[in-house]
Amino acid sequence: MKDDHRSPFRDAHTDRKAAEGVPDTPQTRSPAYTLAFADDEFLCRDELRPVRLQLELLKPEMLMNEAGIKSTIVLFGGARIPDPEHKETARTKTLADLSHYYDEARTFARLMTEKSIASGGTENVVVTGGGPGVMEAGNRGAVDAGGASIGLNIVLPFEQAPNAYVTPDLSFNFHYFAIRKMHFLMRARAISVFPGGFGTLDELFEALTLIQTGRMERVPFLLFGRAFWESIINWDALSDAGTISADDLDLFRFVDTAEEAIEIIDNWGPTEKRGAVPGR
């Protein structure tokens, strides 16, 4: 991480290195003597949670600023949806049938990245959860276009690693789901949601809630796969019950192809943004 700030004070790196060379005594071996910022056990204490939250917000923000990332295209979707070339490994026939959305996500990310590169490569950079399935397809599409993409991974109880297509310097790992979701949306110029499970639904509804309540500016919100989304969520029933307003159903659009999604994003204008309230 670059640090161009110059200070007359001795820097933390120097003192951390110097502290490693102190005489070995009962005092210096005590955990109490370890520099606070170099003490992993101390930083992981419950009382330090506010500090860890701040660090997890700051680190990706600083590195993305240094990389010049100004805006992003968010790509949410299921980790279990396979590459069509390997759909025979899918756990269910439905997952195998949904595998074509891997290709749509890959195409969508490629087209968006080509546009990003043409405008300098700092706007509309694809960001995914960094994992397998649809997320992998998004990062892979960016590689197809010869551009960079972001992966926001998270530590899970089971084995989890970033997919091979995330730009290494833009591959982040999180402990807190809440901070990870903030980073998904802080630079979002458009949100695309492909079929997925609990995690995808969580991301979908949190983003919709922020827009519905005016906590976030309205952006193109694209649900890939009308048949899938209408089969798992009765949107009209929510409106008919009055738990959401009829206007809330206009906060998103159904699309089935990457080209449809690109057209909506390209033609997004004041009419589509009606009612938007800055979420600052």
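Values computed for the structure shown
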| quantity | calculated |
| --- | --- |
| Length released on extending from LEU58 to ASP97, taking residue separation times 0.36 nm less the Cα-Cα span | 10.0 nm |
| Spacing of the two label points (7 Å from each Cα toward its C-beta) at ASP46 and ARG226, in nm | 5.2 nm |
| Stretch gain in nm, segment TYR33-ARG6, where the contour uses 0.36 nm per residue and the Cα spacing is subtracted | 7.0 nm |
| For peptides 65-75, 238-248, 188-198, sequence by mean Cβ density within 10 Å, most packed first | 188-198, 65-75, 238-248 |
| Ordering of 18-25, 36-43, 123-130 by packing [mean C-beta count within 10 Å, highest first] | 123-130, 36-43, 18-25 |
| Under 14 Å from the Cα of LYS115 - aspartates and glutamates, other chains or at least 8 residues apart | GLU123, ASP144, GLU259, GLU263, ASP266 |
| Relative contact order of the range 48-266, pairs being alpha-carbon contacts under 8 Å that are 6 or more residues apart, as % | 21 percent |
| THR89 versus THR122: modelled label distance in nm, points set 7 Å from Cα along the beta carbon direction | 3.9 nm |
| Taking the C-alpha atoms of the range 82-237, convex hull volume expressed per residue in Å³ | 126 Å³ |
| Surface/4 of the Cα convex hull for the chain, nm² | 19.1 nm² |
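Only the coordinates and a few stated rules stand behind these numbers; no lab work does. Please read these numbers as outputs of a predicted model, since none were measured by experiment. Cβ sites come from the backbone with ideal geometry, for glycine too, and all protein chains shown count toward neighbours.
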